[in-house]
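Chemist: This is the structure I have questions about; it appears just below.
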Amino acid sequence: MITRDIDAFVHYARTLEPTAPACPKAVFLVAPEGFALAAESASDNLYMDMARAVDDERALRQHRGLHRALAEIVPAICFAGDPATPDAVFPNNVFATAGSAEPTAPGRVLIARMRHPVRQREAERADIVGFFTDALGYELHDLRMQAGVGELTGSLVIDRARGLGFCGLSERCDEAGAAAMHAAFGLRATLLFDLAPGEYHSNVALSVLAGRAVSICPDGFADPTVVEAIASLYAPHAVRLDRAEKRAFAGNCIAPSVDAVWMSQAAADALRPESRAGFERAGFAVRTVPLDEIEKAGGSLRCCVGEIF
């Protein structure tokens, strides 16, 4: 099922039991070598400010800190960066993986059809694709060959345990792109909805955490009915973030393990006491690393982390 019908989606989603791991078996990153702000990306990413100076060495140091921290809890692979692709520090938009429903079948690696040429160049990297296809034996699903634009787990937030997708439509994802991603990820149901004007990716306003909780910012959605529907599926563990928390990237969080939610230090500093308590009630410790230099590029910790299922 892929639909805009909220009631139909919620009714069907409630019938689904978890059938897959909720958290990744490993993660991958791309180093911010030659880190810079891309004007093309800034054209539809209001979290970017092209007037701000960036320090590429500081970005590298912060990124190495993220890599080291994640490696303490899950295998973490970091691919070399490329100054020709300054936005490549956010690989989860361009590359993603999906497990197979059959234990003996190979997993899948997806390549996105990106909106901007500066991001499209990232998809041409042979090393990342080769790692998954040649080293891990994953099947390649190249969505560049299909209609539409869809920036993978930036646009599409996934409950991996139940095979549910929450896809926010914007300049970075249209309905054709959403349909291509729904099929390539092998999802059981995907809800389509419009993001609020000015929002570019769903994962700034929404995250499914280990299949049992969500963080959600109503300010990021065009229709508040969608917010209530998603929150109802994860009640009582729906952590509602306000506009200031979203602006600090608290919504751009991830749970690579069942016991901790990760976000940037700036995001954690912006959390209201009731938001932090909501994560803790859901069984998550809040883990942080400083990423303020990388956040100048309009994304944060979740955007830096690709998941391997």
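All of the numbers you see were taken from the coordinates with simple rules; none came from a lab. This is a predicted model, so every value here is computed, not measured. Neighbour counts run over all protein chains shown; Cβ positions are idealised from the backbone, glycine included.
Chemist: Which distance in Å, rounded to a whole number, links the C-alpha centroids of segment 135-149 and segment 270-309?
Modeler: After rounding, the separation between the Cα centres reads 28 Å.
Chemist: Of the labelled options [x] 5, 24, 33, 22, 11, 3, 0; [y] 6, 30, 40, 21, 2, 0; [z] 6, 22, 24, 20, 14, 10, 4, 1, which one gives P(r) over Cα pairs in 10 Å bins from 0, in percent as computed for this structure?
Modeler: Computed from these coordinates, P(r) over Cα pairs in 10 Å bins from 0, in percent corresponds to label [y].
Chemist: Convert each backbone phi in segment 199-206 into a coupling constant with the Karplus relation 6.51 cos²θ - 1.76 cosθ + 1.60 (shift: θ = phi - 60°), then list the ³J(HN,Hα) values in order as whole Hz, x for Gly and Pro.
Modeler: 7, 10, 9, 4, 6, 7, 10, 8
Chemist: Within the chain, which is the longest segment containing none of the trypsin sites (Lys or Arg not before Pro) that sit in a DSSP loop and have at most 11 other Cβ atoms within 10 Å?
Modeler: Excluding the exposed sites themselves, the longest stretch runs over 53-309.
Chemist: Could you calculate the FRET efficiency of residue 14 with residue 222 from 1/(1 + (r/R0)^6), where r is the beta carbon distance between them and R0 is 22 Å, rounded to 0.05?
Modeler: Efficiency for this residue pair is about 0.40.
Chemist: Over segment 2-308, calculate the relative contact order: mean separation of alpha carbon pairs under 8 Å at least 6 apart, over the residue count, as a percent.
Modeler: Over segment 2-308, the number comes to 22 percent.
Chemist: Between residue 243 and residue 194, how high is the FRET efficiency from 1/(1 + (r/R0)^6) when r is the Cβ-Cβ distance and R₀ = 22 Å? Nearest 0.05.
Modeler: E between residue 243 and residue 194, to the nearest 0.05, is 0.80.
Chemist: Name the long-range amide H neighbours of residue 2: under 5 Å, sequence gap of 5 or more, or other chain; modelled H, no Pro or chain starts.
Modeler: Under 5 Å from the amide H of residue 2 lie the amide H atoms of 190, each far enough along the sequence or on another chain.
Chemist: Mind running the shape call on segment 31-153? Use the C-alpha gyration tensor, a ≥ b ≥ c as the square roots of the eigenvalues: rounded below 1.5 for a/c, prolate if a/b tops b/c, oblate otherwise.
Modeler: Numbers: a/c = 2.26, a/b = 1.34, b/c = 1.68.
Oblate shape, in that a/c is at least 1.5 and b/c is the bigger or equal ratio.
Chemist: Oh, and also: Out of residues 5 or more away from residue 28 or on other chains, whose amide H comes under 5 Å of its own, with H placed 1.01 Å from N in the peptide plane?
Modeler: 77, 306, 307, 308
Chemist: How would you rank 11, 182, 201, going from fewest to most other Cβ atoms within 10 Å of each one's own Cβ?
Modeler: 11, 182, 201
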